[in-house]
Amino acid sequence: MVPEAARRGAGLRAAGVGAAVIAADQLTKHTIGTGIAPGQVRHLIPGLSLVYERNTGVAFSFFAGSGALVYVITAAVVIALIIYMRRRPDNRLLWLPTGMLIGGAIGNLIDRITLGSVIDFIKLPHWPAFNIADTCITFGVIILVLVIERGAQRG
């Protein structure tokens with residue numbers, strides 16, 4: 001049995017990671033939104049550009065224009081992650097991907113609520129534009145799979 005203090009500590013660490021992701025995401029989106037006009041492209045280095053694009057869907061514009069469905073999916077994922085982490089407090093690193101995923105989801109949700117779409121600004125060749133929240137969600141999923149797999153191998 002895992003003490004409540006360990007569960008609370010994991011929750012606080014996840015919240016800290018989530019808050020850092022939200023802050024970095026919103027700061028970069030604000031910076032891009034005030035420094036680059038919609039549709040403008042700024043080439044940084046070969047293979048990496050900054051753009052200003054708006055996305056009404058989720059990753060890679062899936063569900064674009066779906067409105068309420070995106071909110072429902074986001075809420076369901078956030079709730080499921082919190083429940084999953086609370087039920088597995090013995091998995092020592094679960095807080096990291098949980099914080100990354102929740103922070104990324106909330107960062108993009110803030111845009112959807114305040115702007116009606118998400119600001120994407122990082123552009124790689126042959127890849128849709130994305131943002132810090134999307135990056136944290138992607139790496140959060142990868143880390144979550146690795147953490148769950150590691151836990152399954154130990155048990």
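Some points to look at:
- Total residues in the range 7-33 satisfying the condition of being exposed (fewer than 13 other Cβ atoms within 10 Å of the Cβ) and among the hydrophobic types (A, V, I, L, M, F, W, C): the figure is 2.
- Count - residues of the range 86-108 that are farther than 19 Å from residue 138 by Cβ and assigned to a helix (DSSP H, G or I): 2
- Scoring residue 101 on the criteria (1) touching a residue at least 24 places away in the same chain (Cβ under 8 Å); (2) exposed (fewer than 13 other Cβ atoms within 10 Å of the Cβ) leaves a single failure, condition (2).
- Lone unmet requirement of (1) within 10 Å of the chain's Cα centre (by Cα); (2) free of Cβ contacts under 8 Å to residues at least 60 places away in the same chain; (3) surrounded by 17 or more Cβ atoms within 10 Å (Cβ to Cβ) for residue 78: (1)
- Pairing each residue of the range 30-47 that is touching a residue at least 12 places away in the same chain (Cβ under 8 Å) with any residue that is part of a loop (DSSP other than H, G, I, E, B) and exposed (fewer than 12 other Cβ atoms within 10 Å of the Cβ), provided the two are 6+ apart or on different chains, yields C-beta distances under 7 Å for 47/124; 47/125.
- For the range 118-126, the criterion of a residue being of a type in the set (A, V, I, L, M) and either loosely packed, with under 12 Cβ neighbours inside 10 Å or over 20 Å from residue 49 (Cβ atoms) (or both) is satisfied by at least one position.
- The set of residues in the range 85-96 being at pLDDT 85 or above and surrounded by fewer than 17 Cβ atoms within 10 Å (Cβ to Cβ) consists of 93 alone.
- Selection status of residue 111, part of a loop (DSSP other than H, G, I, E, B), modelled with pLDDT under 95 and acidic (Asp, Glu): no
- Residue within the range 9-32 that is under 19 Å from residue 133 (Cα atoms) and acidic (Asp, Glu) present: yes
The values are calculated or read from the model by the stated rules, or taken from the named source; none is laboratory data. The structure presented is a predicted model; accordingly, all values stated were derived computationally and were not measured. Backbone-built Cβ (ideal geometry, glycine too); neighbour counts: all protein chains shown.
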